[in-house]
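S.K.: I'd like to ask you about the structure that follows.
The values are calculated or read from the model by the stated rules, or taken from the named source; none is laboratory data. All values derive from a computational prediction rather than experimental measurement. For neighbour counting, all protein chains shown are included, and Cβ atoms are generated from backbone atoms with ideal geometry for every residue, glycine included. Keep in mind that these areas ignore ligands, DNA and RNA; they rest on the heavy atoms of the full protein, side chains included. Shrake-Rupley method; radii C 1.70, N 1.55, O 1.52, S 1.80 Å.
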Amino acid sequence: GTVFHKAVSLALETGNNDVLGALRDWYKDTYYDPLTPPTIRDYETGQIVPNNEQIDIFIQAFQTVESMVRYYFPKLGINTRFVAYQGLIEVPFKVKVGRREIEGIVDAICTDTATGEVVIIDWKTRSQFMNPDIVAMDNQLHLYAAAIGKALKLDLTKGYQVQIRSKTPKPARIT
């Protein structure tokens, strides 16, 4: 989920859907640099050797995110229907509710180019979709809209919680 979130953030920050190069650089810097691959000690020889299993995990994880970006970006309208509103991506907030202080990070505040409205978007990567009624009841977007709306003096009346499957659908097979 973190890497997909970063891909969305990079796309919205740059206004460019061709984010795979930037995402590769970020991923390499954050998780895996082929010039300094993860290593382990071979206990039989005592030598430090590349940890091929870990390298394969990193490569497979990145390939999964690459396929998610290619599949979901056009469907979600990133930088086509939804564009970043004043660069507000991954916006931290803190709000007092009664005696409690709640803090979090709003994934994106965007302009919906179809309506002109400023909206909140929250991306959720999941292996299984949640029932939309349960998602609506969790009130996360309402809290975000209230907190960010108050802090930035925005009238945020619409939000989207977008559920992304962590695996893209496979093409149908004709038998």
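S.K.: Springs between alpha-carbon pairs under 10 angstrom, Gaussian network model over the chain: which of Ile121, Ile164, Ile57 fluctuates most?
M.R.: Ile57
S.K.: Another one. When the accessible area of the chain is split by element with a 1.4 Å probe, what percent falls to carbon and sulfur?
M.R.: In the chain, the share of accessible area belonging to carbon and sulfur is 52 percent.
S.K.: Are there DSSP H segments in the chain that both extend 27 Å or more along their axis (alpha-carbon positions) and score a mean Kyte-Doolittle hydropathy of at least -1.0? List them, or say none.
M.R.: TM-like helix candidates: 52-76.
S.K.: Sticking with this one: Find the Cα radius of gyration of the chain, compare it with 2.2 N^0.38 Å by division, and give the number to two decimals.
M.R.: Compactness ratio reported: 1.25.
S.K.: While we're on this one: Hey, can you find the accessible area per residue of the chain for me, probe 1.4 Å, expressed in square angstrom?
M.R.: Spelled out: the 1.4 Å probe surface of the chain, per residue, equals 65 Å².
S.K.: Further, regarding this structure: Compute the distance in nm between two label points, each set 7 Å from the Cα along the Cα-to-Cβ direction, one at Tyr71 and one at Tyr160.
M.R.: 1.8 nm
S.K.: Moving on. If R0 is 25 Å, what FRET efficiency do you get for Asp133 and Lys170 from their C-beta distance, rounded to 0.05?
M.R.: 0.35
S.K.: Another question, then. Report the residue, chosen from Arg100, Arg126, Arg81, that carries the largest GNM mean-square fluctuation when the chain is represented by alpha-carbon nodes joined by springs under 10 Å.
M.R.: Arg100
S.K.: Additional query: Test of understanding: what is the full-extension gain from Ile59 to Ile40, defined as 0.36 nm times their sequence separation minus their Cα-Cα distance?
M.R.: Computed gain between Ile59 and Ile40 is 5.1 nm.
S.K.: Can you give the FRET efficiency to the nearest 0.05 for Lys153 and Glu13, using r as the Cβ-Cβ distance and R₀ = 25 Å?
M.R.: It comes out at approximately 0.65.
S.K.: Let a ≥ b ≥ c be the square roots of the eigenvalues of the Cα gyration tensor of the range 43-120; is it rounded (a/c under 1.5), or, if not, prolate (a/b larger than b/c) or oblate?
M.R.: oblate
S.K.: Further, regarding this structure: Just to verify a number: FRET efficiency for Thr111 and Asp25, C-beta to C-beta distance, R0 = 25 Å, to 0.05?
M.R.: With R0 = 25 Å, the Cβ-Cβ based efficiency is 0.35.
S.K.: Here's a follow-up. For every helix of n ≥ 4 consecutive DSSP H residues, a contribution of -39,500 (n - 2.57) applies; sum these over the chain, divide by its total residues, and give [θ] at 222 nm rounded to the nearest 500 deg cm²/dmol.
M.R.: Dividing the helical sum by the residues of the chain leaves -12500 deg cm²/dmol.
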